[in-house]
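*Asks:* Could you have a look at this structure, given as structure tokens, before my questions?
Readers should treat all values here as calculations from the given coordinates under stated rules, not as data from a laboratory. Just so you know, these numbers come straight off a predicted model, no measurement behind them. So basically every Cβ, Gly included, is an ideal-geometry build from the backbone, and we count neighbours across all protein chains shown.
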């Protein structure tokens, strides 16, 4: 009962908080400038690469990982499960949430210390719990803050499924809920609170070292 009450509150907050910003050229017409292209373009690689990734998967993906999402910047569709074989860092956030912005800044600082090869194996996805937020508004937020990640708005059914499976914290943006999906499909527990760039790098390394070869 508590979980559902918190989830309802989170939906209510997202519904009443005003949306700042306007649609930008960055969001609408410049998909080649989208930071998300770094990972989304890799989804069109050869079947051989896909087969190699598929052989690494030992855990079936839950429904929320196969939910179709729309990249806020480019408008391309994808699902979290599309990144099978990679480490996927998921940050639940909201555009009105200062702790979310601060945490995403720390994620940015951490990823800036990775080599391009390492960054290609660690996919960063920021998911807004503002279920009715226009993607252009989310793209404007990402552009304004210079966050070089994949951003997408969670459908209400996906947010509900994640809350049911992982815990109510996923629907409370100020708690800065985040989690890791390992290359083999293992889904980590929700972590809350701020984490330093050093903590995040250690988390990435730990997940990578645990990945099967």
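*Asks:* Which shape class, rounded, prolate or oblate, goes with segment 84-182 when its Cα gyration tensor gives a ≥ b ≥ c as root eigenvalues, a/c under 1.5 marks rounded, and past that a/b bigger than b/c marks prolate? Each step should come with its number before you reach the end.
*Replies:* Values: a/c = 1.70, a/b = 1.24, b/c = 1.37.
Oblate shape, in that a/c is at least 1.5 and b/c is the bigger or equal ratio.
*Asks:* Test of understanding: ordering 176, 66, 207 by Cβ neighbours within 10 Å, fewest first, what list do you get?
*Replies:* Listed from fewest to most nearby Cβ atoms, that is 66, 207, 176.
*Asks:* Continuing with the same structure: Listed highest first by mean packing, meaning other Cβ atoms within 10 Å per residue, what order do 87-94, 145-152 come in?
*Replies:* Highest-to-lowest ranking by the protection proxy: 87-94, 145-152.
*Asks:* Just want the ordering: 86, 108, from fewest to most Cβ atoms lying within 10 Å of their own Cβ. Present the calculation step by step, with values, prior to reporting the outcome.
*Replies:* Working: 86 20, 108 16.
Starting with the residue having the fewest Cβ neighbours, the order is 108, 86.
*Asks:* If each of residue 156 and residue 77 carries a label point 7 Å out from its Cα toward its Cβ, how far apart are those two points in nm?
*Replies:* Taking the two extended label points, one gets 2.0 nm.
*Asks:* For residue 189 paired with residue 205, estimate the spin-label separation in nm (one decimal), with each label point 7 Å from Cα along the Cα-to-Cβ line.
*Replies:* In this crude spin-label approximation the distance works out to 2.3 nm.
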